[in-house]
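Worksheet: the structure to be examined is printed underneath.
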Amino acid sequence: MRKKLVAVLLAGAMALTLAACGGGGEKQVSASAGKTVDGNVLDDEQTYNTYLQSEPTTLDSVKGNDTYGWSILVNIMEPLTRVEDQDGKDVRVPAGAESWESNEDGSVWTFHLRDNKWADGQDVTAEDYAYGIRQALDPNSGSLNGYLITCIKNGAAVNSGEMDASELGVKVIDDKTLEITLENPTPYFISLTDTRAMLPMRQDIVEQYGDTYGAEATNIVGNGPFKVDTWTHNSEIILKKNENYWNAENVYLDTVNFKIINDESALYNSFDNGSIDSVSVGSTEWEQRFDSKQDVERKDFNSTGIRFHFYNTQDPLFQNENIRKAFSAAIDRDDVIQTIFQGFHTPYAAWVPQPVSIGDLGNYREIAGDMEDTISGDPKELLLKGMEELGLGNDPSTLTVTFTLGGTTQWLKTYGEYFQQVFHDKLGVNVVVDQNEWGTFQSKTNSGDYQMAYMVWTIDYNDPYSMLEVMKSTAGSVPTFWTNEEYDELLNQASVEMDDQKRAELMKEAEHLMLSEAPICPVINEATVRYSYSYLKNLSNSPFDTMGAQRVYISGK
Amino acid sequence: MKKFIARRIVYMLFTLFVITAATFFLMHSIPGDPLSYMARNLPEQTRANYYAKYGLDKPVFDQFVIFLKGLLTEGSLGESLRYPGRDVTQSLFTYSSVSVVPGGLALLLGLIIGVLLGIVAALHKNKWPDYIVMFIAILGITVPVFVLASLLQYIFSVHFQLLPTTGWGKPENIILPVACLCLSPIATYARYVKSNMLDVMSQDYILTAEAKGVSGFNVIRKHVLRNAFLPCITLLGGQISGIFTGSFVVEKIFGIPGLGFYFISSINDRDYTMIIGTTVFAAALFVFAQLIIDIAYSLLDPRIRVQ
């Protein structure tokens, strides 16, 4: 047995060696070598080495729902439109669709597709986009993204299986024209065209591979700037330039390597020695290490995640608005940032993330204000007032509150203990920290078996509505059990109002109203610091950019 | 003998069935579901469609019956819930065939070096070679593998830039992982061989051999080593089954696409089919290794067969 094992091992080692030799060592000179872009001459080798922090679950756009898969999909699929970061402004640009228009009230949208080919040479047709949409809404496809586009006529009914997909408001006028009818005018509809729910899919390929569509590099065909060359699960995804892409002459990279690196220190070591060309850092210890590095550029962002506390409004204690306000008012956000995050991240009192924009009006937060005025007053007084209203006497030390956390890391333990201290000092209440594994946390909070909890929410698409919708009475996504008819009504109006200025006002009012009743307490807008080697050019600086790596190039490596 | 083996195989299958059933019901009793990993609550309708598609809306017992049926009639462990489109059985073979390369090399290397060091230590008992070997052995047992892995990665990949940080498929990718993984077997075998050798060397038959005038080298080779090595084979059985399941920590740090990752991630993700797959796979390997050891023993020692 031992002899056999040795033989197997030696064979394995030999196979590895052979595979490595077969790979070929000579450097290929890129077709775009020597071109000049923005005054930079392109290098001979156009390879971008980047990373994913986890294995994508699948490359099937409808069955997957993770950001890792999305990072690949924006590169291999061509959505109808894309968002491009142009000098710090998010601009919606034509992509699969050359142009588009809507009728007057915004309930019917017509997309005129450009001539484009799939990576295997077939023409891209309007039917491919229609099929992708139908798959996203099909209750039997295992889709996790149908909910995004239930604004399409009969979308909700098709998604719940009550109506046949043929009744859907998606019509193929001809090979190059797609008409989408909506249930109601939906002002943010165009923002959905570059989400997973509206990517094109090839019916013949989906049917050929069935359940395994998108599970391997070979089981998918795309029509984007790149195509999947190899996918070694949990190790690496290699994309190669798609020569059939309509804009291939303006795609500079030949290869994009996505190394899958789960381990944090391995990730930063990889950047340190140049195995990857850029890295995003979420804590100060690595910041110091890379700030002192030569030929490395730093870029600071606010990202689209909000870290917040939420209260169970059905809890005997937290049903009281003043109690909730007391716990919110007791939080000194600057101190949280300094104490727990060593200055990282941005203190934030509002719900819609900072980078979100509204139509062509620009940044929503600049219009809506910082919402700092939604909670005011002395925390202790608010608490005593609440206790009086509930008939709980006037001694806060009789109260014991459970703070439920979803994670078992040391970091989260520190977070819990910090707030234990804060609430004890400022309010005089006792706080018990309840740390749970994530699945248990979800199950507890969803069933209302909690008082106060902590979570992160990341926006789905670039419109304030995406974030505000989460708090609607019917949504149940953040289990506060908070309901407010006025809030729902404001959002219903905002969801059909076509005038951006008026929408902004409606949403601002809704956001203000919701935060003033304090079912949730936003604490932080997540920040990211990205480091990249200076030879890596044209990286996007916007979290909403959906151009993928098609603009990136290498110069001076 | 045939009867003995047949009986053992029946026991083995029974054990595996109990493990499968226990794992199945235990994993369904932990809160959360395969959609939990999404870090957010998906809308009701989306969840309902998903549960219906993967049969998760049925009672747990029915799900168990469906699972068993699939396993017994088609030999299928189902499709991963976290990674749609990936067959669990196939995944187990693909990923374990990756794990087995660094794991196997490390075990082989650990065995060779460990045994040699053990011999050196035994022959120079209480002299400096012994102290050095025992120092290495203690280091190998006490230094956690994640510390060693991070340290080696920093030294060889970042500081000297001699070896790649992460990746798979090239020969240089396995050097650091093997170095990390072999320290523990080196330590184990060095200590094992040393103490067994010392034990054997104090036996009367060694004295007899020496008295007969057998040379020192032959005493060690023919009498001491053979007897001292037997218990190591028992140890090896368990470790060989372990190399197929991989190492979570080392695979994560060096980005090796092995099976170790899935033992932990499948539980966090509530990837039910993968949990069952990895558990049954590990259990089957272990039980099978035990069977082989038992058979080997019964061949070596007739007393075991009697009952």
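From the residues in the range A:198-212 that are under 15 Å from A:Asp120 (Cα atoms) and either basic (Lys, Arg) or touching a Gly at 6+ places or on another chain (Cβ under 7 Å) (or both), which one is nearest to the other protein chains (Cβ to nearest Cβ)?
Pass one, the range A:198-212, residues under 15 Å from A:Asp120 (Cα atoms): A:200-206, A:208.
Next, only the ones that are either basic (Lys, Arg) or touching a Gly at 6+ places or on another chain (Cβ under 7 Å) (or both) stay: A:200-202.
Working: A:Pro200: 19, A:Met201: 14, A:Arg202: 16 Å.
Looking at the filtered set, the residue picked out is A:Met201.
Does any residue in the range A:121-143 that is in contact (Cβ under 8 Å) with a residue 12 or more places away in the chain come within less than 7 Å, Cβ to Cβ, of a residue that is aromatic (Phe, Trp, Tyr) six or more places away or on a different chain, and which pairs are these?
Taking only residues 6 or more apart or on different chains, the pairs are A:Val124/A:Trp118; A:Gly142/B:Tyr50.
Given the conditions (1) within 14 Å of chain A (Cβ to nearest Cβ); (2) touching a residue at least 60 places away in the same chain (Cβ under 8 Å); (3) within 28 Å of A:Asp263 (Cβ to Cβ), report the number of the one that B:Phe160 does not fulfil.
That leaves (2) as the condition not met.
Of the conditions (1) exposed (fewer than 13 other Cβ atoms within 10 Å of the Cβ); (2) in a helix (DSSP H, G or I); (3) free of Cβ contacts under 8 Å to residues at least 12 places away in the same chain, A:Glu388 clears all except one; give me its number.
Checking A:Glu388 against (1) exposed (fewer than 13 other Cβ atoms within 10 Å of the Cβ); (2) in a helix (DSSP H, G or I); (3) free of Cβ contacts under 8 Å to residues at least 12 places away in the same chain, the one that fails is (1).
Just a yes or no: is a residue in the range B:10-33 more than 14 Å from every other protein chain (Cβ to nearest Cβ), among the polar types (S, T, N, Q) and under 27 Å from A:Ser54 (Cα atoms)?
Looking through the range B:10-33, at least one residue is more than 14 Å from every other protein chain (Cβ to nearest Cβ), among the polar types (S, T, N, Q) and under 27 Å from A:Ser54 (Cα atoms).
For the range A:407-425, what are the residues that are within 29 Å of A:Asp378 (Cβ to Cβ) and polar (S, T, N, Q)?
A:Thr414, A:Gln420, A:Gln421 - these are the residues of the range A:407-425 that are within 29 Å of A:Asp378 (Cβ to Cβ) and polar (S, T, N, Q).
Would it be correct to say that A:Val221 is hydrophobic (A, V, I, L, M, F, W, C), closer than 20 Å to A:Leu539 by Cβ and more than 14 Å from chain B (Cβ to nearest Cβ)? Give the derivation first.
Working: hydrophobic (A, V, I, L, M, F, W, C): yes; closer than 20 Å to A:Leu539 by Cβ: no; more than 14 Å from chain B (Cβ to nearest Cβ): yes.
It is false that A:Val221 is hydrophobic (A, V, I, L, M, F, W, C), closer than 20 Å to A:Leu539 by Cβ and more than 14 Å from chain B (Cβ to nearest Cβ).
Which of the helices (runs of 4 or more DSSP H) contained wholly in the range B:1-70 include at least 3 residues that are free of Cβ contacts under 8 Å to residues at least 12 places away in the same chain, surrounded by 13 or more Cβ atoms within 10 Å (Cβ to Cβ) and of a type outside the set (A, V, I, L, M)? Show your work before the answer.
Details: elements: B:2-29, B:44-53, B:60-69.
Hits in the range B:1-70: B:44-53.
Would the range A:136-143 turn up any residue that is surrounded by 19 or more Cβ atoms within 10 Å (Cβ to Cβ) and in a helix (DSSP H, G or I)?
Checked the range A:136-143: at least one residue is surrounded by 19 or more Cβ atoms within 10 Å (Cβ to Cβ) and in a helix (DSSP H, G or I).
Tally time: how many residues in the range A:151-174 are out of contact with any Asp or Glu (no Cβ under 8 Å at 6 or more places or on another chain) and either of a type in the set (A, V, I, L, M) or outside any helix (DSSP H, G or I) (or both)?
7
For the range A:153-184, which positions are within 14 Å of another protein chain (Cβ to nearest Cβ) and either among the charged types (D, E, K, R) or touching a residue at least 40 places away in the same chain (Cβ under 8 Å) (or both)?
Residue satisfying the conditions is A:Glu162 alone.
Might you let me know whether the range A:163-186 holds any residue that is closer than 23 Å to A:Thr58 by Cα, assigned by TED's automatic domain parsing to the domain that holds A:Glu101, within 23 Å of the chain's Cα centre (by Cα) and not charged (D, E, K, R)? Spell out the reasoning first.
Initially, the range A:163-186 is screened for residues closer than 23 Å to A:Thr58 by Cα, giving none.
No, because not a single residue in the range A:163-186 is closer than 23 Å to A:Thr58 by Cα, assigned by TED's automatic domain parsing to the domain that holds A:Glu101, within 23 Å of the chain's Cα centre (by Cα) and not charged (D, E, K, R).
Quick test for you: out of A:Thr304, A:Thr284, pick the one residue that is under 20 Å from the mean Cα position of the chain (by Cα) and either surrounded by fewer than 19 Cβ atoms within 10 Å (Cβ to Cβ) or within 27 Å of A:Pro225 (Cβ to Cβ) (or both).
Values: A:Thr284 fails: under 20 Å from the mean Cα position of the chain (by Cα).
One residue alone meets the criteria, A:Thr304.
Modelled with pLDDT of 95 or more, in the same structural domain as A:Asn363 (by TED's automatic domain parsing) and touching an Asp or Glu at 6+ places or on another chain (Cβ under 6 Å): is that true of A:Leu490 in this structure?
Answer is yes for this residue.
Got a number for residues in the range A:483-518 being touching a strand residue (DSSP E or B) at 6+ places or on another chain (Cβ under 9 Å) and crowded, with 22+ Cβ neighbours inside 10 Å?
Number satisfying all stated conditions: 5.
Among the listed residues A:Asn242, A:Asn257, identify the single one that is within 14 Å of chain B (Cβ to nearest Cβ), under 26 Å from the mean Cα position of the chain (by Cα) and in contact (Cβ under 8 Å) with a residue 24 or more places away in the chain. It would help to see each step written out before you state the result.
Working: A:Asn242 fails: within 14 Å of chain B (Cβ to nearest Cβ).
Just one listed residue meets the conditions, A:Asn257.
Is at least one residue of the range A:185-192 surrounded by fewer than 20 Cβ atoms within 10 Å (Cβ to Cβ), in a helix (DSSP H, G or I) and among the hydroxyl-bearing types (Ser, Thr, Tyr)?
No: zero hits.
Looking at B:Thr188 and the list (1) surrounded by 14 or more Cβ atoms within 10 Å (Cβ to Cβ); (2) over 22 Å from the mean Cα position of the chain (by Cα); (3) more than 22 Å from A:Phe271 (Cα to Cα), which single condition is not satisfied?
(2)
Can you find, within the range A:340-386, the residue that is modelled with the lowest pLDDT among those that are touching a Lys or Arg at 6+ places or on another chain (Cβ under 8 Å) and β-branched (Val, Ile, Thr)?
A:Ile358
Only one of (1) aliphatic (A, V, I, L, M); (2) under 29 Å from A:Asp434 (Cβ atoms); (3) touching a residue at least 60 places away in the same chain (Cβ under 8 Å) is not met by A:Met498, so which one is it?
For A:Met498, the failing item is (2).
Closer than 27 Å to A:Phe403 by Cα and assigned by TED's automatic domain parsing to the domain that holds A:Lys117: which single residue out of A:Gly282, A:Gly224 fits that description?
Numbers: A:Gly224 fails: closer than 27 Å to A:Phe403 by Cα.
Criteria check complete, one pass: A:Gly282.
Of all residues being closer than 16 Å to B:Leu285 by Cα and surrounded by fewer than 21 Cβ atoms within 10 Å (Cβ to Cβ) in the range B:91-109, which is farthest from the other protein chains (Cβ to nearest Cβ)? Just the residue, please.
In this case the residue turns out to be B:Phe93.
Is there any pair linking a residue in the range B:245-259 that is within 9 Å of chain A (Cβ to nearest Cβ) to one that is of a type in the set (Val, Ile, Thr) and in a loop (DSSP other than H, G, I, E, B), with Cβ under 7 Å and at least six apart or on different chains, and which?
B:Phe254/B:Thr166; B:Gly255/A:Ile261; B:Gly255/B:Thr166
Of these, A:Ile276, A:Ile331, A:Ile337, which one is farther than 28 Å from A:Thr398 by Cβ, in the same structural domain as A:Leu515 (by TED's automatic domain parsing) and of a type in the set (A, V, I, L, M, F, W, C)?
Working: A:Ile276 fails: in the same structural domain as A:Leu515 (by TED's automatic domain parsing); A:Ile331 fails: farther than 28 Å from A:Thr398 by Cβ.
It is A:Ile337.
Residue check, A:Gln208 against (1) in a helix (DSSP H, G or I); (2) within 25 Å of A:Met498 (Cβ to Cβ); (3) not hydroxyl-bearing (Ser, Thr, Tyr), all met but one. Which one?
For A:Gln208, the failing item is (2).
Based on this model, can you work out whether A:Glu509 counts as over 30 Å from A:Tyr48 (Cα atoms), in contact with a Leu (Cβ under 6 Å, 6 or more places away or on another chain) and acidic (Asp, Glu)?
yes
The values are calculated or read from the model by the stated rules, or taken from the named source; none is laboratory data. Computed from a prediction, not measured in an experiment: that's the story for all the values here. Backbone-built Cβ (ideal geometry, glycine too); neighbour counts: all protein chains shown.
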